[in-house]
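In what follows, a structure is listed as structure tokens, so that the remarks can point back to it.
The values are calculated or read from the model by the stated rules, or taken from the named source; none is laboratory data. Computed from a predicted structure; not experimentally measured. Here Cβ is always computed from backbone atoms with ideal geometry, including for glycine, and neighbour counts include all displayed protein chains.
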Amino acid sequence: MNDSAAVRDVKRVRAFDLAIDESSLSNANASTASETAATVVFNRTGANTTHEVYVYAPIDGSAAAAIATATNGTNATERCRLDAVDGDRLPIGLTAGTIGDTPCPGIWPSDLRGETDAYDIEFENTDGTDTEMTATALTTMDPVGPLADGSTPAVYDATLRLRYRTADLQFDTTVRVAPGEPNE
């Protein structure tokens, strides 16, 4: 992934995960994270607010990885640390609030839960990191940069209302929603 990756006009997100090669994390702490740490930026242009999530290797060597968050790029606060990474990849569940299998509360911006205004998801300081991102997002625009190659239109939300009342009929059907299904 590189710094040109972005998802624009996001309405809702679920299952937003990162996987970062531990060896490519930059050394930092909460106060220097904005300069070098791999960063996910939630840019709420309508509210003129950004929320940053920084992922880095603690400069003091006390842990394998750490996550800090900030609002508008100031007053970054470390949320959690992970002592050891199982394998080479550091899994981060942004929406789940986890680093590895360890809970990490506060990494998903609370004001994005139920957000009605669209926002952008951007990446900074990721040029030197081996990072993969997966998410299910409802957006009005196609992703740009390297994310454009890996996006697939999909159903984000569906409401099915089936109702038939009778004492004499047994009804059984399969409802499928999958890429390539007919639009009938």
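Quick notes on this one:
- Yes/no for Val41 being under 13 Å from the mean Cα position of the chain (by Cα), aliphatic (A, V, I, L, M) and modelled with pLDDT of 90 or more: yes
- Scanning the stretch 98-111 for residues that are within 19 Å of Thr136 (Cα to Cα) and surrounded by fewer than 17 Cβ atoms within 10 Å (Cβ to Cβ) yields Ser110, Asp111.
- Lone unmet requirement of (1) more than 21 Å from Thr136 (Cβ to Cβ); (2) surrounded by 14 or more Cβ atoms within 10 Å (Cβ to Cβ); (3) of a type in the set (D, E, K, R); (4) modelled with pLDDT under 90 for Arg8: (1)
- In the stretch 43-62, residue surrounded by the fewest Cβ atoms within 10 Å (Cβ to Cβ) [restricted to those that are over 19 Å from Val10 (Cβ atoms) and among the hydroxyl-bearing types (Ser, Thr, Tyr)]: Ser62
- Residue match in the stretch 113-133 (condition: of a type in the set (Gly, Ala, Ser), under 14 Å from Thr39 (Cα atoms) and surrounded by 12 or more Cβ atoms within 10 Å (Cβ to Cβ)): yes
- Some residue of the stretch 63-78 being among the polar types (S, T, N, Q), in contact with a Lys or Arg (Cβ under 7 Å, 6 or more places away or on another chain), surrounded by 15 or more Cβ atoms within 10 Å (Cβ to Cβ) and closer than 19 Å to Thr36 by Cα: yes
- The residues of the stretch 95-111 that are closer than 15 Å to Ala135 by Cα and not hydroxyl-bearing (Ser, Thr, Tyr), listed by number, are Ala96, Gly97, Trp108.
- Residue within the stretch 117-125 that is modelled with pLDDT under 85 and either at positive phi or of a type outside the set (A, V, I, L, M, F, W, C) (or both) present: yes
- In summary, Leu90 fulfils each of the numbered conditions (1) out of contact with any helix residue (DSSP H, G or I) (no Cβ under 6 Å at 6 or more places or on another chain); (2) modelled with pLDDT of 80 or more; (3) among the aliphatic types (A, V, I, L, M); (4) not in a loop (DSSP other than H, G, I, E, B) with the single exception of condition (1).
- Residues that are over 14 Å from Ile20 (Cβ atoms) and of a type in the set (Ser, Thr, Tyr) were ranked within the stretch 50-105; the one that is nearest to the chain's Cα centre (by Cα) is Thr95.
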